[in-house]
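The values are calculated or read from the model by the stated rules, or taken from the named source; none is laboratory data. Predicted model, so just to flag it, every value in this text is computed and none were measured. For neighbour counting, all protein chains shown are included, and Cβ atoms are generated from backbone atoms with ideal geometry for every residue, glycine included.
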Amino acid sequence: MAAGAQAMGGGPLARLLILAILHVNFVALGLEPDFLYPLENVTIAQGRDAMFTCVVNNLGGYRVAWIKADTKAILAIHEHVITNNARLSVTHNDYNTWTLNIRGVKREDRGQYMCQVNTDPMKMQTAFLEVVIPPDIVYEETSGDMMVPEGGSAKLVCKARGYPPPKIVWRREDGGDIISRGGPQGKTKVTSLEGEIVNLTKVTRSEMGAYLCIAANGVPPSVSKRIMLHVHFHPLVQVPNQLVGAPTGTDVTLQCHVEASPKAINYWTRENGEMIISNEKYHMSEINRSAYSVQMKLVIRNIQRSDLGGYKCISKNSIGDAEGNIRLYEMELPNRKSGDEDDRDISSEESNDVRSGLQGPLREGGPRAEDAGFLGGGGPLAGSAPHTAPHAIFLISAFALAAC
């Protein structure tokens with residue numbers, strides 16, 4: 001038979017002859033075409049390539065056709081593509097396997113596909129092509145960064161598309177709680193919230209920060225958008241120590257804690273309004289504690305009596321201003337020497353304790369004797385004359401009268 005086909009030139013006519021002979025043989029033997037394996041469903045992301053494989057035994061002179069079952073459109077017969085879709089092709093391994101290839105799958109390719117053999121009655125098997133689409137944020141319908149006054153309300157919206165429809169989850173970037181108020185359960189705190197919309201009411205400064213809208217549908221990759229919520233309020237100044245005392249000749253640090261949004265301009269002045277600038281005498285610094293909180297520090301080096309008095313830390317933003325007041329006074333080093341310790345110096349440890357800065361009643365001219373206990377003196381100041389008992393004074397007076 002092969003020789004006959006070769007003698008005929010191996011062309012289409014020879015192939016048809018061979019198929020006819022095989023068909024007659026299969027019919028004579030009672031063999032019908034049979035599917036060896038079921039056609040398998042395919043799920044694939046949009047833009048990828050998909051394929052269906054159909055394995056038919058005992059085909060004989062019959063033909064294999066591919067059909068889009070839901071539209072009844074014939075896609076291919078044997079190895080010949082019928083449809084005008086250039087993304088479709090069919091491959092055959094010259095034995096019993098036919099493969100339908102779909103390049104760059106699109107959403108409209110989704111549906112039921114059929115591998116059919118033209119027997120009588122017809123034999124066929126079907127499989128479903130599911131085209132999934134990774135999530136994508138719809139930016140034109142999603143909130144951007146927003147600003148609200150403290151005590152106001154904010155509505156955060158996040159829209160996403162994809163297939164299956166994505167699920168939206170909200171989280172705070174810093175891991176903090178999302179606070180919901182006014183619902184049937186009252187005030188609730190959660191670390192994540194599901195849904196396209198988040199309503200925040202009676203917003204406080206602690207709710208300021210970045211909120212993440214995360215869209216996922218099981219098709220990687222998940223996507224997210226960062227929405228910054230700014231809560232505006234006028235500055236608030238807190239002074240940890242309003243009275244600060246230190247010995248002259250030492251350095252002292254004054255501190256203020258400032259909360260403000262939008263970001264404030266912070267500076268120091270003397271009580272007469274004179275603005276302080278950084279130089280060899282003064283060193284100013286700020287440490288950010290949060291998105292709206294700052295610690296102000298003023299270091300005064302080698303303080304003298306002219307440095308004593310009032311200082312102000314001032315904070316101003318576009319909404320308002322606030323100030324804090326600190327009073328600096330001189331704290332004398334306590335005299336700790338006794339009569340038999342005239343040549344002993346105050347230990348360096350005790351000196352350092354005092355030089356670190358002390359707090360106490362406001363006295364710009366130094367402490368009074370009655371405050372010695374507060375300053376660490378405990379009893380009478382060292383070096384002062386001992387008190388004379390009242391009965392001793394009476395005896396001295398009596399002796400003087402007798403002598404007269």
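Points worth noting:
- Search result, residues across the range 231-246 that are under 27 Å from Arg305 (Cβ atoms) and surrounded by fewer than 17 Cβ atoms within 10 Å (Cβ to Cβ): Pro240, Asn241, Gln242, Leu243
- The strands (runs of 3 or more DSSP E) found wholly in the range 182-281 and carrying at least 2 residues that are in contact with a helix residue (DSSP H, G or I) (Cβ under 9 Å, 6 or more places away or on another chain) occupy 223-238, 252-261.
- Pairs, first in the same structural domain as Tyr95 (by TED's automatic domain parsing) and part of a strand (DSSP E or B) in the range 67-83, second surrounded by 13 or more Cβ atoms within 10 Å (Cβ to Cβ) and aromatic (Phe, Trp, Tyr), C-beta under 7 Å, six or more apart: Lys68/Tyr113; Leu75/Trp66; Ala76/Trp66
- Subset of the range 143-198 (residues that are in contact (Cβ under 8 Å) with a residue 60 or more places away in the chain, exposed (fewer than 14 other Cβ atoms within 10 Å of the Cβ) and acidic (Asp, Glu)): Asp145
- Of all residues in the range 103-110, none are in a strand (DSSP E or B) and either free of Cβ contacts under 8 Å to residues at least 40 places away in the same chain or of a type outside the set (Asp, Glu) (or both).
- Test: residue in the range 127-136 that is in contact with a Leu (Cβ under 8 Å, 6 or more places away or on another chain), assigned by TED's automatic domain parsing to the domain that holds Cys54 and either without any contact (Cβ under 8 Å) to a residue 60 or more places away in the chain or over 27 Å from Pro235 (Cβ atoms) (or both): yes
- Residue among Ser315, Ser290, Ser306 that is under 30 Å from Leu229 (Cα atoms) and either modelled with pLDDT of 95 or more or loosely packed, with under 12 Cβ neighbours inside 10 Å (or both): Ser315
- Flag for Leu212 being surrounded by fewer than 18 Cβ atoms within 10 Å (Cβ to Cβ) and farther than 21 Å from Cys158 by Cα: no
- Filter pass, Asp174 being assigned to a loop (DSSP other than H, G, I, E, B) and in the same structural domain as Asn101 (by TED's automatic domain parsing): no
- Pick from the range 206-237, criterion in contact (Cβ under 8 Å) with a residue 40 or more places away in the chain, among the small types (Gly, Ala, Ser) and out of contact with any Cys (no Cβ under 9 Å at 6 or more places or on another chain), ranking: nearest to Glu196 (Cα to Cα): Ala216
- Residue, modelled with the lowest pLDDT, within the range 79-94, restricted to residues that are closer than 20 Å to Leu129 by Cα and surrounded by fewer than 12 Cβ atoms within 10 Å (Cβ to Cβ): Asn84
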